[in-house]
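Chemist: One structure, as structure tokens, below. Some questions next.
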Amino acid sequence: MDHNQAPTSMVRLNIGGRKFCTTVDTLTHREPDSMLAAMFSGRHTVCTDSEKGYVFVDRDGKHFRHILNWLRDGVVPILKDFEYLELLRETEYFQLLGLMDGIKSALSKKKEDEELGTELTRIDIIKCIQSERVRFRGVNLSGLDLSKLDLSFVDFSYACLKNVFFSRANLQCAKFRDVDAEASIFHNATLRECEFTGANLRAALLAGANLQSANLQDACLVDCSFCGADLRSAHLQTADLTNANLEGANLEGANLKGAKLTNANLKGANLQRAYLRHVNLRDTHLEGAKLDGANLLGAIR
């Protein structure tokens, strides 16, 4: 690699098999004492592969995007504790002292928040949602009454939402990734295009909710009530719907690939054009369900 390259020169990195593109300035500016800064300071020869010019570093590339984003923006990512520990190991290797301190501060703050709990009230939430961009990522909102509020596009990812009242709230396009919302009430709420990937919604009430095109992949939906809910084109791949009540729900065009439907109640449900390939329906209640055009190839019935 040319020692005299400009700071804006593009750099191609192969971190344990994952490919990244950035610039010399990004790698050297924010953390000038890091190993990455030293590698691309021009003082050392950096070997690249002969085909596409990637510099290979033998590390796990899972969290390297967070490292690059830190070097670009100086923002510590919001992660789960075990992910912070994995990232911390990488920061130690690359000698990113600033990010290391930021992660330790984030872990310390999370611990303090868990010990103190939350003192947020419905009034606090209303004040917050008046701002343009609202995030309650990782916040404990357990037991709050947030019914009938306009919470569209709010990011609740990783939050604790146990027993929260969201009845008739507008939550269109809100993010609930990996939340713990056990026993929460979403009765008649607007949840179109919401993201619930990996969420725990065990025993939640979603009767009458509008969940068109919502993403519920990998979600725990055990004992949930979706009676009369609109789940058209919803993504329910590998979701656990054990004992869930979907009586009269509209699942037209929904994707249930790999979903667990043991003892689920789908009586009178609309499953027209739903994707049910290889799904085990043996212990599912389907009396009166509409299955016209459903993809049932390999389904067990």
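The values are calculated or read from the model by the stated rules, or taken from the named source; none is laboratory data. Just so you know, these numbers come straight off a predicted model, no measurement behind them. Note that each Cβ is placed from the backbone with ideal geometry, even for glycine, and that neighbours are counted across all protein chains shown. Just the protein is used for accessible areas: all its heavy atoms, side chains included, with ligands, DNA and RNA removed. Shrake-Rupley method; radii C 1.70, N 1.55, O 1.52, S 1.80 Å.
Chemist: Taking K127 and the conditions (1) within 18 Å of R192 (Cβ to Cβ); (2) not in a loop (DSSP other than H, G, I, E, B), which numbered condition does it fall short on, given that it satisfies the others?
Modeler: Every condition holds for K127 apart from (1).
Chemist: Something else about it: Among the residues of the stretch 150-182, write down those that are out of contact with any Leu (no Cβ under 8 Å at 6 or more places or on another chain), part of a loop (DSSP other than H, G, I, E, B) and open to solvent by 10 Å² or more (accessible area, probe 1.4 Å).
Modeler: F153, Y158, K162, N163, S167, R168, C173, R177, D178
Chemist: Here's another thing I want to ask about it. Which residues, counting only those in the stretch 84-108, are over 21 Å from D58 (Cβ atoms) and not aliphatic (A, V, I, L, M)?
Modeler: Y84, G98, D101, G102, K104, S105, S108
Chemist: Out of D218, D283, D223, I need the residue that is surrounded by fewer than 20 Cβ atoms within 10 Å (Cβ to Cβ) and under 18 Å from the mean Cα position of the chain (by Cα). Which one?
Modeler: Selected residue: D218, the only one of D218, D283, D223 that is surrounded by fewer than 20 Cβ atoms within 10 Å (Cβ to Cβ) and under 18 Å from the mean Cα position of the chain (by Cα).
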